[in-house]
Amino acid sequence: MKLQQLRYLCEVANQGLNLSKAAESLHTSQPGISKQISLLESELGVDIFVRNGKRVVKITPPGQAIIEIAERMLRDAKNLKQVGQEFTNEASGSLTIATTHTQARYALPPAIKRFTARYPKVRLILRQGSPTQIAELVTSGEADIAIATEAIELFQELVMLPCYQWNRCIITPPRHPLLKLEKLTLEAIVQYPIITYDFAFTGRTKINQAFEAKGLTPNVVLTAIDADVIKTYVELGLGIGILAQMAFDPKRDKHLRAIDASHLFEPSTTRIGITRNSYLRGYVYDFIGMFAPHLDRTVITAAMEGHP
């Protein structure tokens, strides 16, 4: 049994049983992958995949258990390399952060600036996507940590570390009728077309729940994954925007106005997700502390070991 065989096996599973895509991802040949998986099956004495001719069509029950073990073994192998790197070169390496646009654009810059100043030899990589995509990047080992608001808590493979709470504002063009109200209400908001986040992003569930609790149906005319896109279309007059408060900057967004809406929606919590039992290099602990100062090494270690 070789680690390379386990990599081939897991990549085939990750690519939806498509051998061609797995071969392309691993920069090898499809026959080579097939041969190595067949050798592994012969060694283990069970079929991992159900085949129809040369096509892989299904994972067998023992194959599912084998793939789960293989994924753990590959994570452990990665941890071994991390330990070696930690003690041979403490200040260099890479850190891949999977996050949403809102976090990358508005929440992370101060921490990233401090981190790159302290660790100039560490290559920092930002991978953006939906919360579900972000969590999958971490569980697959393609990213070290996930930073998002929703969905990542659904992944049991991840340890969840709460960072901070935030809420929303309503953005409008200047001189909009909502700006004249003494107190903003959901009933007033539903009178206008709404532009907000795509359902999978940035606390959209909290927005829907608030309207549903009042028996109101908002007229959502446009959704986006990017706060800057939402602001652009509000500027164009397509509607009012429901936005994370952190995404509005009066100095930059001079052609828009913001109204606090924290009394209308439940707050959301941004969390960091880390794979259980993973080995974190020292600079990863430092980055997390820069982003969320209350998360020191002791707190992170306790959470990863399952202690309250």
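Just a few scattered comments:
- Spread of Cα-to-Cα distances over 10 Å intervals beginning at zero, given as percent, for the range 155-304: 10, 35, 27, 18, 10, 1
- Rounded, prolate or oblate (a/c below 1.5 giving rounded, otherwise prolate when a/b exceeds b/c) for the range 191-274 by Cα gyration tensor: oblate
- Rg [Å, one decimal], Dmax [Å, integer] - the range 147-244, C-alpha atoms: 14.8, 49
- Solvent-accessible surface of protein heavy atoms, probed at 1.4 angstrom with all chains present, puts Thr217, Thr60 in the order Thr217, Thr60, largest first.
- Charge tally around Ala107: other residues with Cβ under 13 Å, Lys/Arg +1 each, Asp/Glu -1 each, net +2.
- Amide H contacts of Tyr164 (H built 1.01 Å from N, under 5 Å, at least 5 apart or other chain): Thr270
- Shown here for the range 160-211: chymotrypsin sites (Phe, Trp or Tyr not before Pro) in loop regions (DSSP other than H, G, I, E, B) with at most 15 other Cβ atoms within 10 Å, namely Phe199.
- Close amide H pairs (under 5 Å, H built 1.01 Å from N) link Phe265 with no residue at least 5 positions away or on another chain.
- Helical contribution to [θ] at 222 nm, DSSP H n ≥ 4, -39,500 (n - 2.57), averaged over the chain, rounded to 500: -12000 deg cm²/dmol
- Nearest-ten-degree value, helix 61-88 long axis tilted from longest Cα axis of the chain: 80
- Segment Lys58..Glu43, full-extension length gain: 3.4 nm, with 0.36 nm per residue of separation and the alpha-carbon distance subtracted.
- Nearest 10 degrees, 0 to 90: helix 282-291 Cα axis against the chain principal axis: 10
- Loop-located trypsin sites (Lys or Arg not before Pro) in the range 242-308, at most 12 other Cβ atoms within 10 Å (DSSP): Lys251, Arg252, Lys254
- Reduced Cα scattering model of the chain, Debye log10 I(q)/I(0), q = 0.09, 0.13 Å⁻¹: -0.59, -0.99
- Solvent exposure of the chain, expressed per residue, is 52 Å² of accessible area, with all protein chains present and a 1.4 angstrom probe.
- Centre separation in Å (Cα based) which lies between the range 12-65 and the range 124-149: 26
- Protein-only accessible surface at a 1.4 angstrom probe places the residues His176, His294 in the order His294, His176, largest first.
The values are calculated or read from the model by the stated rules, or taken from the named source; none is laboratory data. Bear in mind that the values here come from a model prediction, so they are computed numbers and not experimental data. Please note: Cβ atoms are built from the backbone with ideal geometry, for glycine as well, and neighbour counts cover all protein chains shown. Please note that ligands, DNA and RNA were not included when accessible areas were found on the heavy atoms of the full protein model with its side chains. Shrake-Rupley method; radii C 1.70, N 1.55, O 1.52, S 1.80 Å.
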